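A.B. asks: Pasting in a structure now, in structure tokens, and then I'll have a few things to ask.
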Amino acid sequence: MSKAIKLVSQSKCYGGFQCVYEHESSILKCTMKFGCYLPPQHEKKKNLPIVYYLSGLTCTEQNYIMKSGFQRYAAKHGIVVINPDTSPRGFDLPGEHESYDFGSGAGFYVNATEEPWKTNYRMYSYVTGELPTVVSSNFNVNVGKSAISGHSMGGHGALIAALRNPGKYKCCSVFAPISNPSECPWGVKAFTGYLGDNKSSWKQYDATFTAKEYDGPKLEILLDQGEDDPYLNDKQLLPENFANACSSNKHINLNFRMQPGYDHGYFFIMSFMEDHFNFMAKHIC
């Protein structure tokens, strides 16, 4: 596995630098980009804490960088923030670009087992394995002080990463996650395409199921959900199912907050970004 990275862009931001890097992924077999915010403390302090942020459907690494305003809070707490793209790129597989909720921009953070996706669509292994190795090899971070966060499809990815890797992430912060994908239209479409028709294989990538089985170190989770989110009303997110699963597991401490008047977009995310960074900093700084 190559650990080499190439700087694509760099802009000074809140005393640190918002960068984008690219590298050759051996897992996905393509060139991948990821955002990397280096706080001002990175020039003098060693072993900085790290947050991974996973974005939602249709996104690239740019959405979180440009729309969320997270850099102010990462700079305050001295946290390195890594945010990857949401799928492999550049293959033009049959049907890859035909819909917003499957294929390019919609990797769903699973390891596909079906053709033609299984060779390249391995975002779960990329996010939890290859990317952290690349980051720890190139930046001054403490892998023992990691947190993971995400929104919508990325919230789903963050939850399964934390729940399936006990102790790897000290906490998990999510905005409007797809919480029970086996039971919602987005998830059924993605899981059928990537994983096949055997629904038993879907459970490993469904936070509601994995929460029931989690028996690792105490996992702290902050989940914010807008009450006026149209996808909540369309039963795409199902956070109540996830909350019920967590309530019966003593190893999980879920703070589930419904936020009146907020929808699914980045105005919602930026409104509570400070809360989420304060929460994560409590556990990793």
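The values are calculated or read from the model by the stated rules, or taken from the named source; none is laboratory data. What you see is a predicted model, and the numbers here were worked out from it, not measured in a lab. Here Cβ is always computed from backbone atoms with ideal geometry, including for glycine, and neighbour counts include all displayed protein chains. Note: accessible area is taken over every heavy atom of the protein model, side chains too, but ligands, DNA and RNA are not part of it. Shrake-Rupley method; radii C 1.70, N 1.55, O 1.52, S 1.80 Å.
A.B. asks: Would you mind working out the accessible area per residue for region 133-285, using a 1.4 Å probe, and quoting it in Å²?
C.D. replies: About 39 Å² of surface per residue is accessible.
A.B. asks: Distance cut-off 28 Å, Cα to Cα: go down the list K168/K203; K3/K218; K3/K250; K12/K46; K203/K235; K118/K199 and report the pairs above it.
C.D. replies: In this structure, K3/K218; K3/K250 lie more than 28 Å apart at Cα.
A.B. asks: Related question: At q = 0.14, 0.18, 0.24 Å⁻¹, what log₁₀ I(q)/I(0) does a Debye calculation on the Cα points of region 197-270 give, no solvent, two decimals?
C.D. replies: Result of the Debye calculation: -0.53, -0.80, -1.09.
A.B. asks: Starting from the Kirkwood radius over alpha-carbon pairs of region 6-58, derive D by Stokes-Einstein at 25 °C in a medium of 0.890 mPa s and give it in µm² s⁻¹.
C.D. replies: Answer from the Stokes-Einstein relation: 192 µm²/s.
A.B. asks: Of the residues M270, M123, M32, which exhibits the maximal mean-square fluctuation in a Gaussian network model of the chain defined by a 10 Å Cα contact cut-off?
C.D. replies: M270
A.B. asks: Please work out the Cα center distance from region 179-246 to region 131-154, rounded to the nearest Å.
C.D. replies: Cα centres, region 179-246 to region 131-154: 22 Å.
A.B. asks: Let me ask something else. Of the peptides 84-91, 191-198, how do they stack up when ordered by the mean number of other Cβ atoms within 10 Å, highest first?
C.D. replies: The packing order, highest mean first, is 84-91, 191-198.
A.B. asks: Another question, if that's okay. If you find the alpha carbon centre of region 79-116 and of region 1-76, how far apart are they in angstrom?
C.D. replies: What the calculation gives is 18 Å, centre to centre.
A.B. asks: So which helices of the chain fit the span-like rule, where a helix is a whole DSSP H run, its Cα atoms reach 18 Å or more along the axis, and its mean Kyte-Doolittle is at least 0.0?
C.D. replies: Once both thresholds are applied, what remains is 266-284.
A.B. asks: How far is it, in nm, from the label point at N165 to the one at Q10 when both lie 7 Å from their Cα along the line to the Cβ?
C.D. replies: It is 2.7 nm.
A.B. asks: What does the extension gain come out to for V143 and K203, with contour length at 0.36 nm per residue minus their alpha carbon separation?
C.D. replies: 18.8 nm
A.B. asks: Select from C172, C30, C59 the residue whose mean-square fluctuation is largest in a Gaussian network model of the chain (Cα-Cα springs shorter than 10 Å).
C.D. replies: C30
A.B. asks: Given all pairs of different Cα atoms, what value in angstroms does the Kirkwood hydrodynamic radius of region 10-134 take?
C.D. replies: 15.2
A.B. asks: Let me ask something else about it. Kirkwood hydrodynamic radius, computed over distinct alpha-carbon pairs, for region 110-189: how many Å, to one decimal?
C.D. replies: 13.7
A.B. asks: Let me check I have the definition right: for the chain, take the eigenvalues of the Cα gyration tensor, multiply each by 5, take square roots. What are those semi-axes in whole Å, largest first?
C.D. replies: 26, 23, 18
A.B. asks: What net charge do the residues around G105 carry, taking every other residue with its C-beta under 10 Å from that of G105, with Lys and Arg at +1 and Asp and Glu at -1?
C.D. replies: So the surrounding residues net to -2.
A.B. asks: Hey, rough spin-label estimate for M66 and T192, points 7 angstrom out along Cα→Cβ, what's it come to in nanometres?
C.D. replies: Going by the 7 Å Cα→Cβ label model, 3.3 nm.
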